[in-house]
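Asks: This is the structure I want to talk about, given as structure tokens.
The values are calculated or read from the model by the stated rules, or taken from the named source; none is laboratory data. Predicted model only: the values in this text are computed from it and were never measured. As a convention, Cβ positions derive from the backbone with ideal geometry for all residues, glycine included, and neighbour counts pool all protein chains shown. What goes into the accessible areas is simple: the full protein's heavy atoms, side chains included, and nothing from ligands, DNA or RNA. Shrake-Rupley method; radii C 1.70, N 1.55, O 1.52, S 1.80 Å.
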Amino acid sequence: MTLRQATLSNGIRLVTEARETEAVAFHIYFGCGGRHEPDEVVGVSHALEHMIFKGTPTRTHFQIAQEMEGVGASINANTGAERTCYHFLAPAEVVPQVLEVYADAVNNSLLDDAEWEKERKVILEELKMYEDMPRVWVSDRLGTTMFNLQVGIIGDRDTIGSIEIHHMRELMERWYRPENAVISVAGRVDHDSILDLVEKAFGERWQKKGPLPTLPKLPEKSRQRMCSIVRQTDQVNLAIGFRAYGHTHPKLAALRLLNDILGGKMSSRLFEEVREKRGLAYSVGSSVDPFTDTGYVELKAGVALEKTVEASRVILSEAARLREELVPQEELTAAKRHLRGLILVEEESAEFAGRNGSTWLLEGRVRTVEEELAELDQVEVEDLQQVAQEVFRDEELTAAFIAEKDLREDLAPALHI
């Protein structure tokens, strides 16, 4: 395994990781996502991601897909709050051929108005799909309630309806720049050969245009303490959030371990207390969601309507216990082993390309597996308690829930820590 870095002639950063596999993952990241968008057209980054593969002056959408998939490649893209990634996975021997087609799509997309009118309908259907998945949608609503609509990525019906092609072009002009891009490749690759290929594909297309605009700050306080979505559902989907740390925060490793202990696995405290001991939920857990400058912890469960208040109190009592009591050393050791295992089993090329590219883009450096493991190893039980005391605070609590009735009045007394 060899990790190498370079910079193209126009400033695009390149990182390659050679691995013993025939699969090659190619990712190109742009530091542009929901947080970079004007309020009135939230979702334009996601819309642009959809439109990139809709055709070029020399290839139709079908030809782009056919030429790449016909040689065994798979293509996709995804948008986040702070970055957009276009990527493919292909056998090593066809990477030059696939990259030529892929670069044409990314560099020369037509961004046609008529195609956008069709794709707008597709995205509205995608929005309906998320809304029909309450376990997913409640997390989206929690994030947007804690921060703003931009964190939710897709937007809403009003903003999707307001997006036009010129908004996509303006977004690209503003944020799709060499100094705001990282190419990450992992698999059976030769660094120098990849450098030559991407220099030809992207070195001349994207030119520097001066300093990047400043990333808009996220609101320091939630718009409201509780977000209620009333709809017919067989259970209440509840999400409780606390503001936390960003990608480069020195205590993020401790927060990840704290989260693992609280709700990150089947032997976690939430799983044991809420599901196994009390039978209050089938699905319960927690997660950490960092941005570049801030982030949040989400505690989440799906419970019966009549058990919502009890479940909320139990969930928050487990978080509060982490503030008040030191975690036993053996529990911290088990959490370190668990996270270490999750990191080390990520053996696919796409995992390494994603890790290397996203950390360089969002954290300003390629953070290796060895560095991440070392950060986890340094965490002590006192660090966990300090993080719990900083994060699990009543004034930072925000909740979202999807239920057949408005539960704000019922839940208000329980949502305290």
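Asks: Scan segment 364-385 and report the pairs whose first residue is farther than 15 Å from LEU342 by Cα and whose second residue is among the β-branched types (Val, Ile, Thr), with Cβ atoms within less than 7 Å and a gap of 6+ or a chain change.
Replies: Between residues of segment 364-385 that are farther than 15 Å from LEU342 by Cα and residues that are among the β-branched types (Val, Ile, Thr), the close pairs are ARG365/THR359; VAL366/VAL15; VAL366/THR359; ARG367/THR359; VAL381/VAL327; LEU384/VAL327.
Asks: From the set of residues in segment 145-167 that are charged (D, E, K, R) and in a helix (DSSP H, G or I), which is farthest from HIS50 (Cα to Cα)?
Replies: Only one residue tops the list, namely ASP158.
Asks: Another question, if that's okay. Do you know which residues across segment 123-149 are under 30 Å from PRO57 (Cβ atoms) and touching a residue at least 12 places away in the same chain (Cβ under 8 Å)?
Replies: Once the filter is applied, which keeps residues that are under 30 Å from PRO57 (Cβ atoms) and touching a residue at least 12 places away in the same chain (Cβ under 8 Å), segment 123-149 yields ILE123, LEU124, GLU126.
Asks: Among (1) closer than 30 Å to VAL42 by Cβ; (2) out of contact with any helix residue (DSSP H, G or I) (no Cβ under 9 Å at 6 or more places or on another chain), there is one condition ARG275 misses while meeting the rest; what is its number?
Replies: ARG275 satisfies all of (1) closer than 30 Å to VAL42 by Cβ; (2) out of contact with any helix residue (DSSP H, G or I) (no Cβ under 9 Å at 6 or more places or on another chain) except (1).
Asks: Could you check, for segment 251-274, whether at least one of its residues is in a strand (DSSP E or B), modelled with pLDDT of 95 or more and more than 18 Å from VAL236 (Cβ to Cβ)?
Replies: no
Asks: Among (1) within 27 Å of the chain's Cα centre (by Cα); (2) open to solvent by 70 Å² or more (accessible area, probe 1.4 Å); (3) under 22 Å from ARG83 (Cα atoms); (4) not polar (S, T, N, Q), there is one condition LYS221 misses while meeting the rest; what is its number?
Replies: With (1) within 27 Å of the chain's Cα centre (by Cα); (2) open to solvent by 70 Å² or more (accessible area, probe 1.4 Å); (3) under 22 Å from ARG83 (Cα atoms); (4) not polar (S, T, N, Q) applied to LYS221, the lone miss is (3).
Asks: In this structure, is ALA301 over 30 Å from ILE194 (Cβ atoms), in contact with a strand residue (DSSP E or B) (Cβ under 8 Å, 6 or more places away or on another chain) and among the hydrophobic types (A, V, I, L, M, F, W, C)?
Replies: Yes: the conditions hold for ALA301.
Asks: Over 16 Å from GLY11 (Cα atoms), assigned to a helix (DSSP H, G or I) and of a type in the set (S, T, N, Q): which single residue out of SER193, SER228 fits that description?
Replies: Within the list SER193, SER228, the selection yields SER193.
Asks: Scan VAL379, VAL387 and give me the residue that is crowded, with 19+ Cβ neighbours inside 10 Å, out of contact with any Pro (no Cβ under 8 Å at 6 or more places or on another chain) and assigned to a helix (DSSP H, G or I).
Replies: Only one candidate passes the filter, namely VAL387.
Asks: Still on this structure, I have one more. Any residue in segment 154-161 that is farther than 22 Å from MET226 by Cβ and open to solvent by 50 Å² or more (accessible area, probe 1.4 Å)?
Replies: Yes; the residues of segment 154-161 include at least one that is farther than 22 Å from MET226 by Cβ and open to solvent by 50 Å² or more (accessible area, probe 1.4 Å).
Asks: Which one is farthest from GLU273 (Cα to Cα), of the residues in segment 299-312 that are touching a Leu at 6+ places or on another chain (Cβ under 9 Å) and open to solvent by 10 Å² or more (accessible area, probe 1.4 Å)?
Replies: LEU305
Asks: Which of the residues that make up segment 390-406 are surrounded by fewer than 17 Cβ atoms within 10 Å (Cβ to Cβ) and of a type in the set (A, V, I, L, M, F, W, C)?
Replies: Answer for segment 390-406, where residues must be surrounded by fewer than 17 Cβ atoms within 10 Å (Cβ to Cβ) and of a type in the set (A, V, I, L, M, F, W, C): there is none.
Asks: Sort out for me the strands (runs of 3 or more DSSP E) sitting completely within segment 1-88 that have 3 or more residues that are touching a helix residue (DSSP H, G or I) at 6+ places or on another chain (Cβ under 6 Å) and more than 24 Å from LYS200 (Cβ to Cβ).
Replies: So the answer is none; nothing clears 3.
Asks: Restricting the search to segment 94-122, which residues are open to solvent by 40 Å² or more (accessible area, probe 1.4 Å) and touching a residue at least 40 places away in the same chain (Cβ under 8 Å)?
Replies: PRO96, GLU100, ASN108, LEU110, ASP112, ASP113, GLU115, VAL122
Asks: Further question on the same structure: Is it fair to say MET129 is open to solvent by 20 Å² or more (accessible area, probe 1.4 Å) and over 15 Å from HIS46 (Cα atoms)?
Replies: Yes: the conditions hold for MET129.
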